[in-house]
Amino acid sequence: MTTDTFIAETAALAPCLSDIRRDFHLHAESGWTEMRTASLIARKLKDLGYEVLTGRAVCDADARMGVPDDTVLNAAYERAKAEGADPEFLEETKGGFTGVIGIIRGEQPGPVIGMRFDIDALGVAECTADSHVPAAAGFVSRHDGVMHACGHDGHAAIGLGTAEILMRHKDEVCGTVKLIFQPAEEGVRGAKSIVAAGHLDDVDILLGSHITGLPADESYDITAGAGGSLATTKLDAYFTGRAAHAGGAPQNGDNAMLTMASAILNLHAIPRHGGGATRINVGRADAGTGRNVIPDRAKLELEIRGETTKLNKYMEDYARRILTAAADMHGCAVEIRLMGAADSLESSPELMEEVQELAPLCGLVPADHLRGHSGGSEDFAYMMNRVQERGGLATFMRLMTPVAGPAHSPAFDFDERVLVNGVRAFAGYVLMRKN
């Protein structure tokens, strides 16, 4: 395929990609509830001719983290049904099994290439001002308190556009390509379940990406890789004590709120590690039923981060000791639940160089640097590390675009021209590379 032909075919997808993105944005679904989204992705892949995996075949049930309770999942299922989910594939999503994998086996020998596209929204109430493009154009999220505030609606559209281009040119595909549509990236909860199901075990090359704001003084389409993301662990701690009358018999109570308060102070006092950046934050605390009752229950939601997986473990081990000790000190019990986790992430230099070299052939302008700083934490790291530890190559690209509002904010939006560039990055890697 020539560059001119590839650029023309991908450019022609722009209206369809926008329609897909806007539909997913309008029907935003958070982690493990992406039932409508997943069913429509599976339908499109099957119609294109892909081998499609859904439901429990994609995500290992026991490796999922932070799954909502049955009440939430059942409500999400009924809502998806009412909003036009594909009936054939909706059943497979019941219980929060919302991952989808599409497989295309090329007609020529070659490597197994994996591509990850995350599909979940965030718990953010979207801006409804006329200045916000989704509101003005009529595709603001119809679900209260849930919004695509990080671009995953765009990622899903890019994945489906990539699927279409690859299937059109199946005779030029060398090897096997797995398109992995991942649920529950937010809160780093979903990738581990796909790794645990074995879907990365035969992957030789793995590509992932994220739509990212473009600095005003720079002009390029793609950064070939990223690194420096922080390993992280998300924990919920449930303290159980004994209620009592705060005035008449306080000695009979075991104060879960006091336990929680002791834990908060000591968690934030954990000595930071000299080996690199370490973080901890208690983001939510709930306890108590009334001013004259010794609280018998309390809950903390906290996160830990470390520049490396080892540093993150140092912080996590220390935090777990504090939570247990605080409970012991005040006569309470504690249950610590793992709600999400990710390793640190570093792209493979060889693959970054290849992406950089291919970019102009795909109609993309690469950054003059290979690697960008990832920052934060990224669930994709589980997949990357699995491929890399087996001797494969992996990279996490940045798809650059002007954005409105910072990521995870009510005003977040992106220039939809990045959707075509995303398809060019993924499909172009398969069709333009030398095998």
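The values are calculated or read from the model by the stated rules, or taken from the named source; none is laboratory data. The structure presented is a predicted model; accordingly, all values stated were derived computationally and were not measured. Reconstructed Cβ throughout: ideal geometry from the backbone, glycine too, with neighbour counts over all protein chains shown. The protein model used for the area step is the full one, side chains on, heavy atoms only, and it has no ligands, DNA or RNA in it. Shrake-Rupley method; radii C 1.70, N 1.55, O 1.52, S 1.80 Å.
What the phi angles of the range 160-168 give under the Karplus curve with 6.51, -1.76 and 1.60, with θ = phi - 60°, is a coupling list of 6, x, 4, 4, 5, 5, 5, 5, 4 Hz, glycine and proline written as x. Take the chain with all the other protein chains still there, run a 1.4 Å probe, and you get 40 Å² of accessible area per residue. What percent of all Cα-Cα pairs in the range 290-350 falls into each 5 Å bin, going from 0 up to the bin containing the maximum distance? In whole percents, the pair-distance histogram is 3, 13, 20, 18, 14, 11, 8, 5, 4, 2, 1, 1, 0. Efficiency by 1/(1 + (r/R0)^6): what FRET value for His373 and Glu301, r their Cβ-Cβ distance, R0 = 30 Å, to the nearest 0.05? Calculated transfer efficiency: 0.65. Which residue, Ala287, Val72, Leu40, has the largest displacement toward the positive end of the dipole of the chain when charges sit on each Cβ (Lys, Arg +1; Asp, Glu -1)? Ranked along the dipole, the leading option is Ala287. Under 15 Å from a label point 7 Å along Cα→Cβ of Asn292: give me every residue in the range 235-253 with its amide N that close. Correct set: 244-250.
Share of Cα-Cα pairs in the chain beyond 37 Å, in percent? Percent of Cα pairs beyond 37 Å in the chain: 27. DSSP assigns beta bridges within the chain; of those with both partners inside it, close to 65 percent run antiparallel. Rounded, prolate or oblate: which one fits the range 1-152, using the alpha carbon gyration tensor with axes a ≥ b ≥ c (rounded when a/c is under 1.5, else prolate when a/b beats b/c, else oblate)? Oblate. Remark: the range 288-305, residue by residue, has Karplus-estimated 3J(HN,Hα) of x, 10, x, 5, 10, 10, 5, x, 9, 9, 7, 9, 10, 10, 9, 9, 10, 9 Hz, where x stands for each Gly or Pro and the curve is 6.51 cos²θ - 1.76 cosθ + 1.60 at θ = phi - 60°.
Give the shape of the range 350-435 as rounded, prolate or oblate, defined through the alpha-carbon gyration tensor: a ≥ b ≥ c are the square roots of its eigenvalues, a/c under 1.5 means rounded, and otherwise the shape is prolate if a/b is larger than b/c and oblate if not. Cα axes put the range 350-435 in the oblate bin.
Once the chain from Asp69 to Ala129 is taken as fully extended at 0.36 nm per residue, the excess over their C-alpha distance is 18.3 nm.
Note on the range 38-180: antiparallel DSSP beta bridges, both residues inside, total approximately 60 percent of the bridges counted.
Let me know the whole percent of all Cα-Cα pairs from the range 376-415 that are separated by more than 14 Å. Display every interim value, and only then the final one.
Details: 473 of 780 pairs.
Tail of the P(r) past 14 Å holds 61 percent of the pairs.
A Förster radius of 25 Å, combined with the Cβ-Cβ distance separating Ala61 from Asp328, puts the computed FRET efficiency at roughly 0.15. Phi angles of the range 326-340 translate, via the Karplus equation with coefficients 6.51, -1.76, 1.60 and θ = phi - 60°, into HN-Hα couplings of 4, 5, 4, 4, 10, x, 10, 9, 9, 10, 10, 10, 7, 9, x Hz per residue; Gly and Pro are given as x. In the range 294-378, taking the dipole from charged Cβ atoms about the Cα centre, the farthest positive-side position among Ile336, Gly363, Pro349 is held by Ile336. When peptides 255-262, 208-215, 282-289 are sorted by average Cβ neighbour count within 10 Å, with the highest value leading, the order is 255-262, 208-215, 282-289. Using Cα pairs under 8 angstrom and six or more residues apart, how large is the relative contact order of the chain, in percent? Computed over the chain, the figure is 22 percent.
Roughly speaking, to the nearest percent, how much of the range 242-311's 1.4 Å accessible area is carbon and sulfur?
Details: 1950 of 3960 Å².
Looking at the range 242-311 in its full context, I get 49 percent from C and S.
Pairs of alpha carbons in the range 137-178 separated by more than 16 Å make up 55% of all such pairs.
For each pair in Lys94/Lys313; Lys81/Lys234; Lys192/Lys310; Lys46/Lys94; Lys81/Lys299, compute the distance between the two Cα atoms and list the pairs where it is over 28 Å. Walk me through the numbers before you get to the answer.
Details: Lys94/Lys313 34 Å; Lys81/Lys234 31 Å; Lys192/Lys310 18 Å; Lys46/Lys94 19 Å; Lys81/Lys299 34 Å.
Check vs 28 Å cut-off fails for Lys94/Lys313; Lys81/Lys234; Lys81/Lys299.
Compute the relative contact order of the range 1-152 as a whole-number percentage, counting only Cα pairs closer than 8 Å that sit 6 or more residues apart in sequence. Working shown, then result.
Working: 200 pairs, mean separation 49.8, N = 152.
About 33 percent, as a whole number.
Counting only protein heavy atoms and using a 1.4 Å probe, the accessible area of Arg390 comes to about 110 Å². With 5 Å bins beginning at zero, the pair-distance distribution over Cα atoms of the range 261-324 amounts to 4, 17, 26, 20, 14, 9, 5, 4, 2, 0 %. In this structure the amide hydrogen of Val100, modeled in the peptide plane, comes within under 5 Å of the amide hydrogens of Phe181, none closer than 5 places in sequence on its chain. Modelled spin labels at His268 and Glu91, positioned 7 Å past Cα toward Cβ, are 5.2 nm from each other.
What's the carbon and sulfur percent of the range 193-233's accessible surface, probe 1.4 angstrom, rounded to a whole number?
Details: 530 of 1140 Å².
C and S atoms contribute 47 percent here.
Computed from the C-beta positions of Ala82 and Asn281 and an R0 of 45 Å, the FRET efficiency is 0.75 to the nearest 0.05.
Stretched out fully, how many nm does the piece from Glu335 to Ala12 gain, at 0.36 nm a residue minus the Cα gap? Walk me through the numbers on the way to the answer.
Numbers: separation 323, 0.36 × 323 = 116.28 nm, distance 5.38 nm.
Between Glu335 and Ala12, full extension yields 110.9 nm more.
Short-range pairs are left out: with C-alpha atoms under 8 Å and at least six residues apart, the relative contact order of the range 246-379 is 24 percent.
Taken over the Cα atoms of the range 287-435, the convex hull encloses 161 Å³ per residue.
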